[in-house]
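To start, the structure under review is shown below, and the notes come after it.
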Amino acid sequence: MTEFSANVQNIEIREALHHFTVGGPLGSLLDADHDALGDGRMLAFETEHLLQLDERGAVPVLLYLFRRIEQRLDGSPTLILLDEAWSYLQHELFRERLKDWLKTMRRRNAAVVLATQQISDLANSGIADIVLENCATKILLPNSEARTPNSRAFYNQIGLNERELDLIELSIPKKHYYMTSNLGRRLVDLGVGRVALSWVGVNGREERKLVETMIGRHSHGWRTEWLRLKGLHEWANYLGSLENENEEISTWASA
């Protein structure tokens with residue numbers, strides 16, 4: 001991009017391109033002598049800061065990502081997972097691309113998965129009807145506020161009855177999920193106990209920071225301390241004894 005900009009004779013175009021060169025504020029995103037995006041089976045993009053940029057910064061990068069994602073669709077089964085979907089639904093360009101993807105990706109053997117924590121994110125997006133029509137499978141999280149007027153209206157739009165509202169209202173977070181599809185409806189229990197849930201239920205920036213802090217503070221013993229933090233003292237003692245045994249075996253083997 002820098003080399004191309006330097007060879008452009010038109011001053012206005014050169015000044016516009018400067019924004020995306022190494023000398024500009026967005027050079028780290030788009031300026032390079034080759035496309036460094038990998039060809040792995042799984043690609044992940046962190047877009048939190050990108051979507052906070054103004055249109056001049058966000059739009060070119062989003063268009064690049066859209067193009068690269070669509071180039072990879074060769075007929076192989078593909079999932080396009082959009083976590084924290086509320087941020088995409090609020091962005092006009094991304095919202096319009098979602099409308100297209102939801103209608104066309106099935107023909108390319110790809111599925112779009114939207115995940116968001118509040119049903120109001122979708123209800124207020126302006127494309128709720130398109131999402132509901134094209135996403136045959138819906139996985140609904142437990143919601144103690146399921147019977148509030150706004151929530152009830154959206155659940156009714158999905159087609160849930162009073163019994164199903166009861167299930168969503170009374171089910172246990174991070175353990176129960178209510179699934180609806182063309183094949184039927186079912187409350188799913190992951191069947192995880194307190195110990196498993198203490199690991200797989202970790203979510204959010206604060207909990208991840210806490211894990212990083214404990215790893216730095218306790219090194220190899222951080223897992224034991226994590227279980228204590230979660231109130232699982234018996235399991236923490238059991239894990240600690242196993243770790244001590246492994247250390248003794250390693251010491252004996254290296255002697």
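Each value in this text was obtained by applying a stated rule to the coordinates, not by laboratory testing. Bear in mind that the values here come from a model prediction, so they are computed numbers and not experimental data. Here Cβ is always computed from backbone atoms with ideal geometry, including for glycine, and neighbour counts include all displayed protein chains.
In the chain, Cα pairs under 8 Å separated by at least six residues give a relative contact order of 9 percent. Of the cross-linked pairs 138/209; 99/138; 174/209; 209/230; 103/175; 138/175, those separated by over 25 Å at the C-alpha level are 138/209; 103/175. Each Cα pair of the chain feeds into the Kirkwood radius, which the Stokes-Einstein equation turns, at 37 °C and 0.692 mPa s, into a diffusion coefficient of 145 µm²/s. For residue 232, no residue has an amide H sitting under 5 Å from its own, ignoring neighbours fewer than 5 places away on the same chain, with H placed 1.01 Å from N. Taking the chain as a Gaussian network, Cα atoms linked when under 10 Å apart, which of 57, 191, 38 shows the biggest mean-square fluctuation? Of the options given, 38 has the highest mean-square fluctuation.
Here is the list for the stretch 15-124: trypsin sites (Lys or Arg not before Pro) lying in DSSP coil, each with at most 10 other C-beta atoms within 10 angstrom of its C-beta, are 41.
Among 127, 40, 244, pick out the residue whose Cα is farthest towards the positive end of the charge dipole of the chain, where Lys and Arg carry +1 and Asp and Glu carry -1 on C-beta, about the Cα centre. Going by the charge dipole, the pick is 127.
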